[in-house]
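The values are calculated or read from the model by the stated rules, or taken from the named source; none is laboratory data. Just so it is clear, the structure is predicted and the values come from calculations on it, not from any experiment. All Cβ positions, even for glycine, are placed from backbone atoms using ideal geometry, and neighbour counts span all protein chains on display.
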Amino acid sequence: MYAKGQAVIALMEELAPKSYAVAEDKIGLQIGTLQKEIRKVLVALDVTDEVVEEAIREDANLIIAHHAVIFRPLPHIQTDTPAGRLYEKLIKHDIAVYISHTNLDVADGGINDMMAEAIGLTVTEPLDEVHTDKLKKLVVFVPKEAAERVREAMFSAGAGGIGNYSHCSFNIDGTGTFLPGEGTDPYIGSKGRLEEVSEVRIETILPQSVERKVVQAMLKAHPYEEVAYDLYSLDLKTRTFGLGRAGRLPKPVTLQELCEKVKEAFEVPMLRVVGDPDKVIRKAAVLGGSGARYVRHAQFAGADVLVTGDIDYHTAHDALAAGMAIIDPGHNVEKIMKQGVASYLERKLAERKWATAVAASQINTEPFRFV
């Protein structure tokens, strides 16, 4: 059985929640509908005419891309323009387009983590905070014999974490009362009779980002027909998510040696470098896409070099004067997300035994050629 579009995107948003995106980023469904079965997903960096032709050949009816296919408001769609022809082709072939941009940059396991892992960074931290997950407290009342099952369901869905501790909860024994009315099918007791049941009040905390998942898991594991539970917002914060990553290299290397590593890791034939090739690099920062605005963030994080794209002339001079090295392998290194996201979706769909296939686009959308 094929997964519906909404189900595929629910998996995608488990990896990269939309709430992680920076303000006014162009993310989400941009073309088509998710109210259909998805035969195949094509994961792409950009949505170009060549990528759409690839989707048609592959019989893919959903493209998940990093860069928006509609970036500015459209005054019209004229099908005799390049953009208009692209939209027309997508619609005619019933191919939906969903965009995961800065939320995928920010997410755990997203583009910046993929880049950091590719060059061997460890113990990474964000360069620029974008989103802080708030905490909530969930309180639920459960018959004693089902308490362990309900707790485990909530923990497995992401509740109960405090720092490096997991499975955290507080439990109080008490007595629950209820009177089943007409049309009920009570797990315990009989219609029209007041019941008193030994119950456990379970309290646990959860990040707001997994609230829906935890509540659904709790309701599924709970034996009662109608579940009594409360959710409280807390004036506490948990993990912070952000753009870029800074981390330590396994061992010190020269800037020249790191350049060779970057070329190999991101499959680029050449790159631009700011700094002394013999400079010793112990800590590095990475940021997918255009990172000129984040040179100072990298310096503040203690990085010796920033690996990012689209560095301009004046930013390069400023970095050089400040003693900060830069490696610019281009914006297109974000292509690392194609295989990373495809592998993630393939695994998640297989776990649910859906027949929807996933492929990473093989089209090179690098607009520059080196001559």
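What the table shows:
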read-out	value
Only listed residue being under 17 Å from Phe266 (Cα atoms), in contact (Cβ under 8 Å) with a residue 24 or more places away in the chain and in contact with a Leu (Cβ under 7 Å, 6 or more places away or on another chain), chosen from Thr356, Thr365	Thr365
Wholly within region 266-340, strands (runs of 3 or more DSSP E) carrying at least 1 residues that are closer than 24 Å to Ala107 by Cα	280-290, 305-309, 325-328
Test: residue in region 13-26 that is without any contact (Cβ under 8 Å) to a residue 60 or more places away in the chain, out of contact with any Pro (no Cβ under 9 Å at 6 or more places or on another chain), of a type outside the set (S, T, N, Q) and over 21 Å from Leu349 (Cα atoms)	yes
Residue match in region 129-146 (condition: assigned to a helix (DSSP H, G or I), in contact (Cβ under 8 Å) with a residue 12 or more places away in the chain and at negative phi)	yes
Residue ID - farthest from the chain's Cα centre (by Cα), chosen from residues in region 224-240 that are closer than 12 Å to Val140 by Cα and surrounded by 13 or more Cβ atoms within 10 Å (Cβ to Cβ)	Tyr224
Test: residue in region 166-187 that is surrounded by fewer than 16 Cβ atoms within 10 Å (Cβ to Cβ), in contact with a Pro (Cβ under 8 Å, 6 or more places away or on another chain) and outside any helix (DSSP H, G or I)	yes
Neighbours by Cβ (under 8 Å, 6+ apart or cross-chain): first from region 320-344, free of Cβ contacts under 8 Å to residues at least 12 places away in the same chain and surrounded by fewer than 22 Cβ atoms within 10 Å (Cβ to Cβ); second in a loop (DSSP other than H, G, I, E, B) and of a type in the set (Val, Ile, Thr)	none
Where Lys353 falls short, out of the listed (1) assigned by TED's automatic domain parsing to the domain that holds Met12; (2) basic (Lys, Arg); (3) assigned to a helix (DSSP H, G or I)	(3)
Scan of region 90-106 for residues that are surrounded by fewer than 23 Cβ atoms within 10 Å (Cβ to Cβ), in a helix (DSSP H, G or I) and of a type in the set (D, E, K, R), ordered by number	Lys92
